[in-house]
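In what follows, a structure is listed as structure tokens, so that the remarks can point back to it.
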Amino acid sequence: MIESFTLAVIGAGPAGIEAAINASEMGIKTILIDNFPLPGGQYFKQMPKDFHPSSETATETEGTILLQKLQKTDVVKLNNALTWAIFKEEKEDSWLVALYGSECPKYIRSKFLILANGAYDTPIAFPGWTLPGVITCGAALIQLKTQRIAPGTRALISGTGPLLLSAAAHLIDAGVEVVAVCESSNIFPKGFKYSFIMLNHWHRLLEGAKYMSKMIMAKTPYKTGWSINGAHGNEKVESALISKIDNNGKVIKGTEVEISVDLVVSGYNLTPNTGLARMIGCEMQYYAGKGGWVPIRDDTMQSSIPGVYIIGDCAGIGGAENARLEGLIAASAIAFQFGQISKQEVNAIFDKIKPQLNNQKQFGDMLSDLFSPKPGLINLVSDDTLICRCEEITFGEIKNAVARGARTIGEVKMITRVGMGNCQGRMCEHSVTAAIVQTLADEFISHNAIGKYSVRPPLHPIPQSYLAQSAIDEIITAQ
Amino acid sequence: MKRLIKSGSLLPAVQRGPLVKITVDGQLIDSYEGETVATALLSAGIRTFNLSHNQKKPRGLYCGMGVCYECLVSINGVHGQRACVTPIESGMIIETSREFKV
């Protein structure tokens, strides 16, 4: 017997939790599905339940309040449940959500869907990026904040965006020597034109200032217009080569410096996690400032498929505050569609949060203008650099495929096997696209022409025995 | 790659869960219930979690949040488990540094 809900929210981060709370309070039968042991997503990531910190940070307190609010609702919460597919059931006019986990049902059914799958660090390839000791900004912050472990002793941070400052400050706080923070964008003097917007976001300014002061006290250089060129080492990272880069992301010869480190933190802003949206066929568009491919949505966060809403960073990078507002909008829109609230009520909610939403949009646009990874960063790789980590496909092999006539990312995939491994292309799509653009530089080929990876079930690797058991269960139920 | 003991201004000290023993590549190692397998391995100085399946090159933690599948290890005989998202349980038997296909 498959349990039915009016709304299934997939992803229990700031967007998903806010959506689930509001939908439930408006009388919608809601289930909140998440892949991790505890809800919170990456932004409100909780420590393991046996861990007790001596005090909480402001963000942790904000998360605790939101999670307590969630506890008081009727939302059915499924943790440790990995959504590996979503199927449309034409007859029932509903969605079948397929789950993998030791303690969750194999399927649930829902009339409406909210996808709130968040984002991950944009993976940028450079020589040596597969060596143990090269980790993303997100990985470093999770290790420090929720696991309380220093992931190295001497670190180089390279990438773009404000998360680099957070990573630097937390590493320094943990006693790690941070030899440099290389910010690939030249944010000065461009950044000054945004001073007015920043004044509306004083809490973020304060946070940035706190991180900066940590770096100044530790004498950590913040090198804008610099980037890592390569990580070197035998079995693990032993040193990193850094250099100045020009506005296209190309290395400026003669500026290279080799530094001995045992940790490289790479953080090039975030990429929306759009796997489920792609799988069910939501229309997508390429929007570099929002992190890459994002679903097309209307003002109520509804995708091109009626009844499917997409919110938070998985619909375009906008941050946690924006994600929560989008959660409220989507929940209200569904409650209205389902007849739980009136047109007046839903309009009143939208009008009330409109100024906040605009404020968030202004801030998001500023960040994407200042910190989008430069397309020229692909110039950091050499022919033998792995672009697809899973299938171990090099930049040279991708160039060859293009030389043989491949023009779309799908064709490069068919020829080389890029994107066919365990990560399902999440780690290489950005770099493969950049490699095709670079190889065809004379043709000025667009992202729309290159296209994106198609996503099919299963979204994540799952054991065959699990699928087999699902099939057996179905036969038994049918009899 | 050490567990943090002292309080910092951003990272207050934390009381960990129960101390448990796990087996990593045949050796008994101390860990704390609830922390991830990746944390336990890194704290024990292990950075190579597996070898890539074509070139047999060392791989370890990368994305840290379950999306990249670079940190796969074998846990209690089941291969291809993500070390970064799997919580430690007492008596776990973990094997690293072999080829893991999911």
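Quick look at the numbers
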read-out	value
Test: residue in segment B:63-70 that is part of a loop (DSSP other than H, G, I, E, B), open to solvent by 10 Å² or more (accessible area, probe 1.4 Å) and touching a residue at least 40 places away in the same chain (Cβ under 8 Å)	no
Set A:LEU206, A:LEU199, A:LEU165, A:LEU156: member being among the aliphatic types (A, V, I, L, M), surrounded by fewer than 24 Cβ atoms within 10 Å (Cβ to Cβ) and away from chain B (no Cβ under 14 Å)	A:LEU199
Selection within segment A:283-295 - surrounded by 21 or more Cβ atoms within 10 Å (Cβ to Cβ) and assigned to a loop (DSSP other than H, G, I, E, B)	A:GLY291
A:THR130 vs. criteria facing another protein chain (nearest Cβ under 7 Å), touching a residue at least 40 places away in the same chain (Cβ under 8 Å) and surrounded by 24 or more Cβ atoms within 10 Å (Cβ to Cβ)	no
Scan of segment B:21-49 for residues that are part of a strand (DSSP E or B) and open to solvent by 10 Å² or more (accessible area, probe 1.4 Å), ordered by number	B:LYS21, B:THR23, B:GLN27, B:LEU28, B:ILE29, B:ASP30, B:TYR32, B:THR36
Cβ-Cβ under 9 Å pairs, at least 6 apart or on other chains, segment A:348-361 side under 14 Å from A:ALA330 (Cα atoms), far side assigned to a helix (DSSP H, G or I) and modelled with pLDDT under 95	A:PHE350/A:LEU357
Pairs where the first residue, in segment A:39-60, is at the interface with chain B (Cβ under 7 Å from one of its Cβ atoms) and the second is open to solvent by 50 Å² or more (accessible area, probe 1.4 Å), C-beta under 6 Å, 6+ apart	A:ASP50/B:GLU33; A:HIS52/B:GLN15
Matching residues in segment A:135-146 - criterion: being facing chain B (nearest Cβ under 7 Å) and open to solvent by less than 10 Å² (accessible area, probe 1.4 Å)	A:ILE135, A:THR136, A:ALA139, A:GLN143, A:LEU144
Filtered residues of segment A:2-35 (kept if at negative phi, part of a loop (DSSP other than H, G, I, E, B) and either crowded, with 21+ Cβ neighbours inside 10 Å or at pLDDT below 95 (or both))	A:ILE2, A:ALA12, A:GLY13, A:ILE28, A:ASP34, A:ASN35
Test: residue in segment A:96-115 that is more than 14 Å from every other protein chain (Cβ to nearest Cβ), part of a strand (DSSP E or B) and open to solvent by 50 Å² or more (accessible area, probe 1.4 Å)	yes
Filter result for the condition that a residue is more than 17 Å from B:ARG98 (Cβ to Cβ), modelled with pLDDT of 95 or more and under 12 Å from the mean Cα position of the chain (by Cα), over B:THR23, B:THR48, B:THR39	B:THR39
Unmet requirement for B:GLY91, which otherwise passes all of (1) open to solvent by 30 Å² or more (accessible area, probe 1.4 Å); (2) over 24 Å from A:ASP262 (Cβ atoms); (3) in contact with a strand residue (DSSP E or B) (Cβ under 6 Å, 6 or more places away or on another chain)	(3)
Tabulated pairs, segment A:67-95, first surrounded by fewer than 16 Cβ atoms within 10 Å (Cβ to Cβ), second of a type in the set (A, V, I, L, M), C-beta under 6 angstrom, 6+ apart or interchain	A:LYS69/A:ILE21; A:PHE87/A:LEU96; A:GLU89/A:LEU96
Members of segment A:382-392 found to be more than 23 Å from the chain's Cα centre (by Cα) and not acidic (Asp, Glu), listed by number	A:SER382, A:THR385
Selection count where residues are more than 7 Å from chain A (Cβ to nearest Cβ), within 15 Å of A:CYS390 (Cβ to Cβ) and not polar (S, T, N, Q), scope segment B:34-68	4
Restricting segment B:69-102 to residues that are facing chain A (nearest Cβ under 9 Å) and of a type in the set (D, E, K, R), the residue that is farthest from A:THR146 (Cα to Cα)	B:LYS101
Of all residues making up segment A:395-413, the number that are open to solvent by 60 Å² or more (accessible area, probe 1.4 Å) and assigned to a helix (DSSP H, G or I)	5
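The values are calculated or read from the model by the stated rules, or taken from the named source; none is laboratory data. This structure is a prediction, so every number in the text was calculated from the model and none was measured. Cβ sites come from the backbone with ideal geometry, for glycine too, and all protein chains shown count toward neighbours. In case anyone asks, the SASA skips ligands and DNA or RNA and just uses the protein heavy atoms, side chains included. Shrake-Rupley method; radii C 1.70, N 1.55, O 1.52, S 1.80 Å.
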